[in-house]
Amino acid sequence: MKRIPGTWRQSLAATLAVAAVGLLAAGPAAAQKTQLTVYTALETDQLKAYQEGFAKANPDIEITWVRDSTGVITAKLLAEKSNPKADVIMGVAATSMGVFDAEGMLQPYAPQGLARIAPEFRDSKNPPAWVGMDVWGATICFNTVEAAKRNIPKPETWKDLTKPVYKGQVVMPHPASSGTGFFDVTAWLQIYGEAEGWKFMDGLHENIAQYMHSGSRPCAAAAGGEYVVGISFEYRANREKAQGKPIDLVFPTEGLGWDLEAVGIHKGTKNMAAAQKLLDWAISDAAMALYAKNFAIVAVKSLSQPLPNVPADYASRLAKNDFLWAAKNRDKILAEWSKRYESKAAPK
């Protein structure tokens, strides 16, 4: 076996030494990425774009998403209150954020650019416990093909859905599982008054086929022809129609339930600097541009963009919504709803 000449041995040793230094340098750099745990109810098909947008601005922070429907995420966070796992709560209903704030679970923070956020789209305290991202609101997904087969008319009002012609053809989100379902219920109680609101829901219940555990699922079910009417929200309805599904979007004339997708820092996070960077990004122009691809109204009103299939006057169709009342009465409302209607809840 040939021996390597001395000069070659020295050169090879030097090369290996440089490579080793490079590996050592790269190792700590990779390890220094901050891991941020974010609990969210954002739609799965939105997360990739939001993650990429944040990573572009903050390559040193890596997000681990914990995702479920609003009601499920809300219950999970409350259950973990004494031993929190989340650093940030993002894309969860403002009504849930109100519950978390009342429980002392949120760390107030004023993100960069806060003054641009419309006052009605953020917590009123200074600094705020949470900040809004965008508005999501109620929409009926109406399958025109299946309706024609069954000679079922297109509804124009919420009360239309209590007519016998819709019996067994309506699905909606379960309010304990879904933020969309919860804002439907609270909107009806505010639009009609509590006594008439429950009376309306009693009539609607007669025609409900199933209460589903997702805000998106009722629209998908209607779009797929399983049912004629799916009570859902405008993002999912607009997306299903854009994919060529045979649905019309209906915006009942009495007013639309709605809520804010909001973001806040979980008190006790060990990654405060990274959490603050996520909130700074979450209300940036870049983030608002991403939200505007999905929702007709974003928290910086001037950055809102019209959506196909959603009326230009969508904002004026939103019902008056008392977030504080909804948050304070959440448990009471859900208990009463469950007592009356749980028999038609979909299996979990």
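For the reader, a short list of remarks on this structure follows.
- Lysine pairs meeting the criterion (Cα under 23 Å, 8 or more apart or interchain), as found in region 145-279: 16
- Note on the chain: helix-only mean residue ellipticity at 222 nm, from DSSP H runs of 4+ residues weighted -39500 (n - 2.57) and normalised by residue number, equals -13000 deg cm²/dmol.
- Rounded tilt (10° steps) of 194-207 against the dominant C-alpha axis of the chain: 90
- Heavy atoms of His213: accessible area, 1.4 Å probe, square angstrom to 10: 40
- Cleavage-rule hits, GluC sites (Glu not before Pro), region 131-206, DSSP coil, Cβ neighbours within 10 Å at most 14: Glu156
- Alpha-carbon centroid distance for the pair region 181-230 / region 50-81, whole angstrom: 28
- Neighbour-limited loop hits for trypsin sites (Lys or Arg not before Pro), region 273-331 (at most 15 other Cβ within 10 Å; DSSP other than H, G, I, E, B): Lys293, Lys320
- FRET efficiency, Asp68 to Ala273 (Cβ-Cβ, R0 25 Å, nearest 0.05): 0.40
- A crude spin-label estimate for the pair Lys48 and Ala75, with each label 7 Å from Cα along the Cβ direction, gives 3.0 nm.
- Stretch gain in nm, segment Val145-Gln32, where the contour uses 0.36 nm per residue and the Cα spacing is subtracted: 35.2 nm
- Zone residues, region 87-121, relative to Lys328, backbone N less than 13 Å from point 7 Å out along Cα-to-Cβ: 99, 102
- Cross-link reach is defined here as a Cα-Cα straight distance under 20 Å, omitting same-chain residues fewer than 8 places apart; for Lys125 the aspartates and glutamates meeting it are Asp101, Glu103, Asp134, Asp259, Glu261, Asp280, Asp322.
The values are calculated or read from the model by the stated rules, or taken from the named source; none is laboratory data. A quick note: this is a predicted structure, and the numbers were derived from the prediction, not measured. Note that each Cβ is placed from the backbone with ideal geometry, even for glycine, and that neighbours are counted across all protein chains shown. The protein model used for the area step is the full one, side chains on, heavy atoms only, and it has no ligands, DNA or RNA in it. Shrake-Rupley method; radii C 1.70, N 1.55, O 1.52, S 1.80 Å.
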